[in-house]
Every structure is written in C-alpha cells, then in structure tokens.
1. Run the numbers for Lys82 and Met318: contour at 0.36 nm per residue of separation, minus the present Cα-Cα distance, in nm.
2. Report the longest stretch of the chain that contains none of the chymotrypsin sites (Phe, Trp or Tyr not before Pro) sitting in a DSSP loop with at most 13 other Cβ atoms within 10 Å.
3. Sum up the charges of everything whose Cβ sits under 13 Å from the Cβ of Ala299, counting Lys and Arg as +1 and Asp and Glu as -1, but leave Ala299 out.
4. Accessible area per residue for the chain in Å², computed with a 1.4 Å probe and the full protein assembly in place, what is it?
5. Could you compute the net charge surrounding Phe58? Neighbours are other residues with a C-beta less than 9 Å from the C-beta of Phe58; K and R count +1, D and E count -1.
6. Could you pull out every one of the aspartates and glutamates with an alpha carbon less than 12 Å from that of Lys37, ignoring same-chain neighbours closer than 8 positions?
7. Do you know the relative contact order of the chain, to the nearest whole percent, from alpha carbon pairs under 8 angstrom that are 6+ apart?
8. How about the stretch 368-413: which trypsin sites (Lys or Arg not before Pro) there are in a DSSP loop, with at most 12 other Cβ atoms within 10 Å of their Cβ?
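The values are calculated or read from the model by the stated rules, or taken from the named source; none is laboratory data. Only a predicted model underlies this, so the values are computations on that prediction, with no experimental measurement involved. Counting neighbours? That spans all protein chains shown, and the Cβs are built from the backbone with ideal geometry, glycine included. These area figures cover heavy atoms from the full protein model, side chains too; ligands, DNA and RNA do not enter into them. Shrake-Rupley method; radii C 1.70, N 1.55, O 1.52, S 1.80 Å.
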Amino acid sequence: MLDLLVKNARIDSGKYLVDIACQDGKIIEVAPCIESKAAESIDVQGHFVTPPFVDSHFHMDATLSMGMPRLNRSGTLLEGIKIWGELKPDLTPEGVKKRALKLCSWAIAKGNLAIRTHVDTTDPTLMAVDVLLEVRDEMKDFIDIQLVAFPQDGILRCKDGVSLLKRALDRGVDVVGGIPHFERTMEDGRKSVEILCEIAAKRGLMVDMHCDESDDPHSRHIESLTYQTQRLGLQGRVTGSHLTSMHSMDNYYVSKLLPLMAEAGMNCVCNPLVNMNLQGRHDTYPKRRGLMRVPELLAMGVNVSLGHDDVMDPWYPMGTHDMLEVAHMGAHALHMTGVDQQHTLFDAVTVNGAKTLGLSGYGLNPGDNADFVVLQAESKMEALRLHPARLFVVRRGAVISRTPSVEATVTLNGSVQRVDFR
Ligand code: FE2
C-alpha cells in the first residue's frame, strides 16, 4: 500500500493531470490514473504541484529580532551591522533557538523545505553556531538546513577571525563563508578570499561568500572569488552572494567578468527584497537598484538563485519567508516580467536553488524525494502573480502543512460572487 497518493496534479506547465504515488519517502510513480491503495489520498483538483521552494540565502541567527535592542532608523546596511554588533552580547541560546524554530515553521507553511543560512562566526563563544547546529539536526526530518560559517566582522578585521571560522567548521558547519568587502582594505579582501577558498579546498567544502554587497563599482572581490575557484579546482561548488556592486560596474569590465564566472561554474544568489531596500542609500537621485545583473548572468549560463536574506531583523523589517514574494520583487526590480523570464524566476526559487545548495533527490520524478507543494494556482506565472496559498506541503510522503483555499465572497446588489483572482 502507498503512503500517499496525490490525484489530479498539474506539474510543469502540463495540460494533462497526473497522479503522484509516494512510498517510503520517495516518489515511486507519476502517471495518469494510478489506482493503487494508499494510507492517505488527496485530490488536488488540477492545482499546480511544484518541488519545494528553496531559500538560497538567509540569516537564521538574526531572524525575528527586529527592534532588539533598537530599530534601524537609517535603514542602511551599516547601521544594521552596528545594531547586530550591539545585540550580539545580549543574545541567549534560548532566544536564538526559539526565533529560529519559529522561522522554520513559517518557512514550512510557505513550502520552503530547504534553507541555506549563514551563521555569524565572529562571536568568540560561537553560541549561535551551536544553536543552529541543534536546530538543523532537530528539524532535519522536515526541512533541509545548510549552515554557512559567516564571519560578519571579517576574518582579518575581527580578532581570531580565521580560527573562529575553522572552529565552527570543526563543529559541523557545512559551508565556508566570507565578507571580503568588509575587510579593512581591498588587499585584505582579496587575501580573505584566498585564505577562505584554501580552507574550503582542503576540507572538501562548498563556499558561499557575501561578496561586494556595496554600490562601489570598484568592489570587485567576485573577480578574486572566480579566480580562486578556477585555481583551486572548486568549479560548481562556489557561490557569490549579493554581488550588488555589479549593478554599478563599468560595462566593459562586466563583459570580461561574466565569461570568467561562467567558465568557473560560479553560482550566484541575488536577494531582491533586501538589496532593493539596502542599496542606493548613499545616492540622491537617481537611486541605483543595486542588484547583480541577473538576465546577463543567466544568458551566460551561470546558475542564479534567489534568497530572502532577512525576515524582521536589523536589516529588513518585513517578510513572512515567502519565496514567491522574493521572485515577485525580482520580476520588477530586474525587469524580468516577460513570460519566459517569469518561468526563470520561479526556477530561481526552486530548482536553481537546489543546484546552488547541491541538494540530491530534488524534483518530481520517480526516485526523487517525496517533497512537494500544492499551490492554489495553475501555473508558475499565476503563482508568481498571486503568491497563493500553499494548500498542502509534503515532506518525505507526509503532509506536514495545510492551508485552506483563499477566496473572497463579494456581494453586489444581492448577487454573490466568489473571487480568487484567477
Ligand atoms: Fe546576507
């Protein structure tokens, strides 16, 4: 007997409906009219079924801490970093864990079943590292959490930055992070990239650096990251996150940079919600958008995925951890509202994210993990427009979250209409 049978699912942009059979945590068959008996059977009535959303870039140690100890009045990245520095000594393991677990339940309700989160390693006690390792393990049946050792204050700028980062990796953090543009000099930034990539190469780990999160067109640490990736044979395992200075770089320079990035198999993570808010803050008018050049990177064959980055923390006061909200902002801010571009943005919060994180068993084919989300929509484009209810969220063949359909009842002159915006 099957564990779960999903009837009448619409997958891809398919005109035909299929059934999805799940057993022992895997999808075992995808075909029309599967008749096998199942412990649980759901008729999803032609609604769109997608593999889970993936958040490629998040900060779970800071999430839901907005207002602690004070609000970010200027709204800038630098004031956010300052507030985080003020908050760090007062953080407690209980508080960090409670907020992280709460965020996980928000993520699951929104169908995000994989999150790559950075965790600050410049606190000498590594308290948040230990807490998020616990959260990762406690939540592993429900959500894949990948931790990045993130030296918020810089490995060279912060005392003992390198050894703290190595200690975090020794404790089980998955990925090597960095923040070269925050080091004291351009040269220190370059050096930090070299040191960190060598650590990753030696330990066989992936790399994901906060890189060039600045409006300074001369912030070009992505060039060093690409070079070190090539030099150390890390192709496909390295991610440049944020890369906002690329917006302001000279076109000639970018025409040299992008082919090098493609050649090195770089992954890029763009964070449209947060960087539309944080970048351009030193500008009068016009104000720059400060997002990496996503359409051009994609045209070069570079894998680009999207991240939420922050939810209600010192850097961003909004959010519910809805990756469709992130993609929706991307559609506007990146000028990607064309039909194919909308499909690409949906992929950037699903399959491209899975590639960035190196997830295995991701997809809707027989043999893949039985992880998927049923949306109150019929297509990727409708999902992007509506940010619809996640009717069912399935993990390893079990429904772990349900949301009722959303529908308004409009009464006009005694006639009742049901409105779901479709
Ligand atoms: Fe970030």
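1. 83.1 nm
2. Answer from the scan: 17-420.
3. -1
4. On a per-residue basis, 41 Å².
5. -2
6. Asp3
7. Reported as a whole number, the value is 19 percent.
8. Sites meeting the loop and neighbour criteria: none at all.
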